[in-house]
Amino acid sequence: STAFMTSTRSQSRKGRQPSRACKVGAGFWAYDESSPVVPRDIIFGPLKGDRATGAVIWLHGLDDTPESWAMRLEPERRRHPRWKWVHLRAPERPITCYEKMRHPAWGDFLDSGAVRVGSRDYETRDPKGWYAESVARVHRAIEALAAEGVPPSRTALVGFSQGGALAAEAALTLGARLAGWGLLAGWLTPRARAALVRSAKT
């Protein structure tokens with residue numbers, strides 16, 4: 001698989017602010033709001049054909065939602081009409097540096113500043129297990145795509161900010177070769193770094 005990432009020396013802790021109203025082309029909106037409490041993921045099926053020939057799983061950042069990215073990536077969906085796009089939604093969690101106020105997040109944040117090499121958030125071992133839960137959720141999404149006929153080798157995994165950290169850990173611990181994975185303005189968690197070292201030795 002291929003991967004791309006930005007520098008991990010100093011990365012923003014915050015994701016993009018969500019866009020509450022997101023309109024896309026008619027017939028391409030597949031947003032399931034069946035839950036009155038927690039809106040669900042946003043999924044776009046292929047625009048052409050009955051079955052997808054590839055897929056992208058996109059992970060937003062802290063304090064963000066899938067809506068803003070779904071809107072921004074509409075041109076890419078049109079450019080690749082036979083792909084399926086899966087925008088996972090982070091649950092709301094009581095974030096430590098926000099005095100336990102609840103925010104959409106894949107894991108916890110201990111410091112209010114940017115994540116840097118050597119900072120507490122860069123070195124955290126995920127004591128609450130939130131990143132581990134999120135990684136398992138991404139792996140399930142990849143497995144679900146495979147069951148639909150889109151194998152990991154035809155699936156790309158991309159994330160922004162905290163979602164980028166999650167994408168890297170999920171990709172490096174999957175145990176299967178992805179079409180590619182991308183880390184945008186994120187960092188490598190300790191488990192991701194350990195997995196990268198192991199892969200370099202094999």
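The values are calculated or read from the model by the stated rules, or taken from the named source; none is laboratory data. These numbers were taken from a predicted model, which means no experiment stands behind them. All Cβ positions, glycine included, derive from the backbone under ideal geometry; neighbour counts span all protein chains shown. These accessible areas exclude ligands, DNA and RNA; they are computed on the full protein's heavy atoms, side chains included. Shrake-Rupley method; radii C 1.70, N 1.55, O 1.52, S 1.80 Å.
Residues of the stretch 100-125 being of a type in the set (D, E) and within 17 Å of the chain's Cα centre (by Cα), which ones? Outline the logic, then answer.
From the stretch 100-125, those of a type in the set (D, E) are 108, 111, 121, 123; that's our starting set.
Correct list: D108 only.
Mind checking which residues of the stretch 121-165 are part of a strand (DSSP E or B) and either of a type in the set (G, A, S) or exposed (fewer than 13 other Cβ atoms within 10 Å of the Cβ) (or both)? Can you show your working first?
Within the stretch 121-165, the first condition is being part of a strand (DSSP E or B), and the residues that meet it are 155-160.
Passing the criteria: A156, G159.
For the stretch 161-190, how many residues meet the condition of being more than 25 Å from T65 (Cα to Cα) and either in contact with a Leu (Cβ under 8 Å, 6 or more places away or on another chain) or among the basic types (K, R) (or both)?
Of the residues in that region, 1 qualify.
Out of all the residues in the stretch 5-17, is one or more modelled with pLDDT under 50, more than 25 Å from P152 (Cα to Cα), open to solvent by less than 20 Å² (accessible area, probe 1.4 Å) and part of a loop (DSSP other than H, G, I, E, B)?
Yes, the stretch 5-17 contains a residue that is modelled with pLDDT under 50, more than 25 Å from P152 (Cα to Cα), open to solvent by less than 20 Å² (accessible area, probe 1.4 Å) and part of a loop (DSSP other than H, G, I, E, B).
Kindly indicate whether S112 is in contact with a Gly (Cβ under 7 Å, 6 or more places away or on another chain) and in contact (Cβ under 8 Å) with a residue 40 or more places away in the chain.
no
What are the pairs with Cβ atoms under 8 angstrom where one residue, in the stretch 150-163, is closer than 11 Å to L184 by Cβ and the other, located anywhere, is part of a helix (DSSP H, G or I) and of a type in the set (A, V, I, L, M)? Sequence gap at least six, or different chains.
Final answer for the pair search is V158/A167; G159/A165; G159/L166; G159/A167; G159/A168.
Out of all the residues in the stretch 175-202, which are in a loop (DSSP other than H, G, I, E, B), buried (at least 20 other Cβ atoms within 10 Å of the Cβ) and out of contact with any Asp or Glu (no Cβ under 6 Å at 6 or more places or on another chain)?
Residues of the stretch 175-202 that are in a loop (DSSP other than H, G, I, E, B), as a first pass: 175-179, 185-189, 202.
Imposing the further condition that a residue be buried (at least 20 other Cβ atoms within 10 Å of the Cβ) reduces the set to 178, 185-189.
Passing the criteria: L178, A185, G186, W187, L188.
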